[in-house]
1. Would you tally the residues in segment 127-174 being closer than 19 Å to GLU106 by Cβ, in a loop (DSSP other than H, G, I, E, B) and either out of contact with any Ser or Thr (no Cβ under 8 Å at 6 or more places or on another chain) or of a type in the set (Asp, Glu) (or both)?
2. Does ILE44 satisfy being closer than 17 Å to ILE16 by Cα, aliphatic (A, V, I, L, M) and in contact (Cβ under 8 Å) with a residue 12 or more places away in the chain?
3. Mind checking which residues of segment 287-311 are free of Cβ contacts under 8 Å to residues at least 60 places away in the same chain and either touching a Phe, Trp or Tyr at 6+ places or on another chain (Cβ under 7 Å) or among the acidic types (Asp, Glu) (or both)?
4. Being over 30 Å from VAL20 (Cβ atoms), free of Cβ contacts under 8 Å to residues at least 60 places away in the same chain, surrounded by 14 or more Cβ atoms within 10 Å (Cβ to Cβ) and not assigned by TED's automatic domain parsing to the domain that holds ALA203: is that true of THR89 here?
5. Yes or no: segment 394-417 includes at least one residue that is closer than 30 Å to PRO336 by Cα, surrounded by 12 or more Cβ atoms within 10 Å (Cβ to Cβ), out of contact with any helix residue (DSSP H, G or I) (no Cβ under 8 Å at 6 or more places or on another chain) and of a type outside the set (Val, Ile, Thr).
6. Among the residues that make up segment 342-357, is at least one of them under 30 Å from ASP262 (Cα atoms), at pLDDT 90 or above and touching a helix residue (DSSP H, G or I) at 6+ places or on another chain (Cβ under 6 Å)?
7. Given MET372, MET318, which one is surrounded by 12 or more Cβ atoms within 10 Å (Cβ to Cβ), at pLDDT below 90 and assigned by TED's automatic domain parsing to the domain that holds ALA253?
8. Across segment 45-76, which residue is nearest to VAL128 (Cα to Cα) among those that are among the polar types (S, T, N, Q) and assigned to a loop (DSSP other than H, G, I, E, B)?
Amino acid sequence: MAKKEPLAYRMCPRTIEEFVGQEEIIGKGRMLYRMIKADRISSIILYGPPGTGKTSIARIIANSTKSRFERLNAVTAGVADIKRIIEDTQNQILNPSGRTVLFIDEIHRFNKLQQDALLPFVEDGTIVLIGATTENPFFEVNKALISRSSVFMLKPLEEKHIVKILKNALEDKERGLGDYDVFIEDEALWYLARIANGDARIALNAIELAVMTSELGSDGKIHIDVKTIEDCVQKKSITFDKSGDSHYDNISAFIKSMRGSDPDAAVFYLARALYAGEDPEFLARRIIICASEDVGMANPNALQVAVAAAEAVRMIGMPEARIILSHAAIYVATSPKSNSCYMAISKALDDVGSKNTGEVPMHLRNPVTSGMKDLGYGEGYKYAHDYKGNYVKQEYLPEVMRGTTYYHPTANGYEARIKDWIERIRGEK
């Protein structure tokens, strides 16, 4: 008879020995392992992608601790739920130990008021907090709570871990699919582990669907091959949430790959973003910024290409926009680099914001009325085009800023020509 709960729920590890993966934080001898074994849990935040074991660790703690254990989901819970748990914890008849281990799933969903309501009780040890989040807790969780907790970062499970979890599920008669006579090809097993992309829940859901919807073969067994797995997992899972932390990680890697002149990596991170449903116009804007900030005067055409690509993406839309974005990203990645324009404006803004930068010199002011001309506006200004080479030496900065240099051209790409020319007119050559 089919079991009511999903396989992923049923196969959740009951003890620390049953937990698969995350050896860096829960392997034998590691701090979290020792805390659980000794029942000396202090407040912790478990941070990582879905299906990597955050809830499983909380359940292991629930099964092993002698303290009272409560669970809340931040999506549906509120301050009233927190107050109820605090009152029950402080009730010596209900809870002689005077403390509760409180697991809050998706803790990033709690607003500031809700997180603040927890703080004094976490601080005095009444509540031992176990928070689970897919978002970066250093951005989403109250800094005071973070400072009173140990943060453990869980990584996507390796393929070998997923395979082990799947084999356990196929063999387990009590909680898993061991009552079914299943033959799964090794290729299909490893294929599922690969496309699950580190998420054990996706893998378990897929194998359960494959077993429950496949007919018996002539030999009385359920046969599962790669085609069956493909049908059960229509689209490869990727650890990417276009509104979450992985969004920023991927975009950061995309930009740094273009800046680092690696077109292959740039296209890879571009593909990840597009596959996850990222807005193509957002990606185009990031390419424009990189074209100006990181390529700059080393190849002035990069900005033109990036802007043209953004306009083309807006006009064409997906799926063809992927080609335009790839074109622009590769062009920017393979261009010579210079951040001289970025550095120039950054230093100038710093000076303007922190120094007395003086007044615009009188000879540069435009005498739009005769009265202004009488006051000296425009007096002594030299019109560059009246001189040989369309250049005449003349001071343009305010008196107090004379001699300040903001633009330092590199010798990269087209900017080498600019460097040579500007050194000549500055009298450096």
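1. So the answer is 4.
2. For ILE44, the condition - closer than 17 Å to ILE16 by Cα, aliphatic (A, V, I, L, M) and in contact (Cβ under 8 Å) with a residue 12 or more places away in the chain - is met.
3. Scanning segment 287-311 gives GLU293, ASP294, ALA302, VAL305, GLU311.
4. On the way: over 30 Å from VAL20 (Cβ atoms): yes; free of Cβ contacts under 8 Å to residues at least 60 places away in the same chain: yes; surrounded by 14 or more Cβ atoms within 10 Å (Cβ to Cβ): yes; not assigned by TED's automatic domain parsing to the domain that holds ALA203: yes.
Criteria met by THR89.
5. yes
6. Among the residues of segment 342-357, at least one is under 30 Å from ASP262 (Cα atoms), at pLDDT 90 or above and touching a helix residue (DSSP H, G or I) at 6+ places or on another chain (Cβ under 6 Å), which makes the answer yes.
7. Values: MET372 fails: assigned by TED's automatic domain parsing to the domain that holds ALA253.
That would be MET318, the only listed residue that is surrounded by 12 or more Cβ atoms within 10 Å (Cβ to Cβ), at pLDDT below 90 and assigned by TED's automatic domain parsing to the domain that holds ALA253.
8. SER67
The values are calculated or read from the model by the stated rules, or taken from the named source; none is laboratory data. Everything numeric here is computed off the predicted structure, so don't read it as measured data. Reconstructed Cβ throughout: ideal geometry from the backbone, glycine too, with neighbour counts over all protein chains shown.
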